[in-house]
Every structure is written in structure tokens, then in C-alpha cells.
Amino acid sequence: MSEEKKIDARADCNRDSAGKGCAVNGATVAALLEYTALAPDVTSEQVANLCNEALARGFAAVCVNPIYVTLASSLLSSSQTSVATVVGYPLGALTTRQKVYETATSLEEGALEIDLALNVALLHTGDKAQVRQEILSIAQVLSRNPFAILKIILETSLLNNAQLKLATQLAIEGGAHYVVAARNYGSAAPSSAEVAVLRSAARQLIGVKASGVTTAAQAAEFVAAGVARLGSSDPLSLLVR
């Protein structure tokens, strides 16, 4: 993919996220979409198909399980669509050392974007230093590639507003580029209220991604609210015509 274009797109999203956010139309939504396939039974054929669809539609990225990073990278290497993968997913309950290894391996295999599952228990116990250090450690690995992007997955169904604000602040301090509103253990998509909390806490310093988006109405609402990325396993249903 074009790395220069990637950085420009990230800056544009951050600028457009101010105030009322981007104007909502099909092109806007497509440019923010991550075609996500993280189910345990996803096959290589399905990954190839989603990469081809993302390429044809001009999606921002595909987000695949680590086992498929090499395949996705080979299919998207000359495109504007980047390859994202997850680290410590879905529980976040790995050691920092294990997460560093996962990150380094995925980076070597062609991923440019890392979605890091944060350790929810550390947030519950208020261990700010360890949470911050984990993010810093992953960001340091990604610094090997100046175009790499770090997104911090926040399980909003398990975190209250104060913890979401704290996690966002720690993500900023740790060098992340986005926080991700996710509900892997709750409803299919985060609520608009949860996204608003993250947008306020991000203070234009980092972007916000909403994952698990399932309808065009949700996508339009999140984009209008200033979300800079949308994750969906059914992105074609989100395109506004």
C-alpha cells in the first residue's frame, strides 16, 4: 500500500473528527471502514475474498487474525488498503512480553496496524503504571516502522466511564493512535454514549474507532460524531447509497 497516502489519511480523519465530524456519504464510510474477520472459523478463502472486496471498495483496512497476516499482506501489498491484526485478543490477559512477541511477529509478516486488547483487570484495579507501560512497550515495537498504527481495544461493556477516560489518557501517554470502542462481551456495537466518552477523552490527540458496527444508521451516527474508523464484519451493509 502507499505509506504516504496512509499517513495523510490518518491526519485528515483527525482533522475531520473535530466538531460535527465528517459529512456522511458512501465514500466517507468506505474510506473509514475496516473489513473485520476475527471469528475462529474464518478460512483462507474467506480472507482472500474480503481482501478483494476491500480493495475494490477502497476500504481503509482489513483486520484479520494473525495467522492470515501474510496472506492479506500479499494480496494488498500494492494497494491503499492496509492490513490490521489483533494482539492479545480477545481477553487481553497475556503478559506484556507475550504481546510484544505477537506484535513483532505480525509486523514482520506485513501488518501495519495493531489492535491491542488491553488488560481489563489492570484497569479495574487502577494499575495505571502497568497499563501505560504495556502500551509503551507495544508502541516501541511499532516504532520500527514509522507508518505503523497502534489502536487500543477497550471492552466498553466491562468498563465504566471513568475507566474509559483513564484508558484513553493512558493510550495517549503510551503513544497509541486510536482507542477502539468494542463490545465483544456485550451487544454487537458500542453505544453512542460510550463513543462520546472516548471522543471527549481523546481531545483531538488520537482517533476513535467503533467496532462491531452492523447497520448504515450506526455508521452514519458514529461518523457524524467524529469516529475516525469503523470496524465491521459486514461492511457492505454500512455503505450509504
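Quick look at the values:
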| read-out | value |
| --- | --- |
| Cα-based equivalent ellipsoid of the stretch 61-108: semi-axis lengths in Å, sorted from largest, via gyration tensor | 22, 10, 8 |
| The stretch 147-195 - convex hull of alpha carbons, volume per residue in Å³ | 75 Å³ |
| Order by protection proxy (mean Cβ within 10 Å, highest first), peptides 204-211, 163-170 | 204-211, 163-170 |
| Lysine pairs in the stretch 3-236 with Cα atoms under 30 Å, if 8 or more residues apart or on separate chains | 22 |
| Gyration tensor (alpha-carbon) shape descriptor, the stretch 98-241, a/c threshold 1.5 | oblate |
| Computed [θ] at 222 nm, deg cm²/dmol, the chain (DSSP H ≥ 4; -39,500 (n - 2.57); rounded to nearest 500) | -14000 deg cm²/dmol |
| Gain on full stretching of the segment that runs from residue 237 to residue 78 - 0.36 nm per residue minus C-alpha separation | 54.6 nm |
| Fraction in percent of alpha-carbon pairs per bin - 5 Å, the chain | 1, 7, 16, 20, 22, 18, 11, 4, 1, 0 |
| Relative contact order of the chain, defined on C-alpha pairs under 8 angstrom at six or more residues apart (%) | 23 percent |
| Approximate spin-label separation residue 185-residue 216, in nm, with each point projected 7 Å along Cα-to-Cβ | 3.5 nm |
| Evaluated over the stretch 111-159, the Cα radius of gyration and Dmax, each in Å | 11.8, 33 |
| Distance between modelled label sites at residue 143 and residue 108, nm, 7 Å Cα→Cβ extension | 2.0 nm |
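Throughout, read-outs are computed from the coordinates displayed, never taken from laboratory work. Note that this is a predicted model, so its numbers are computed, not measured. In this analysis, Cβ positions are derived from the backbone assuming ideal geometry, glycine residues included, and neighbour counts consider all displayed protein chains.
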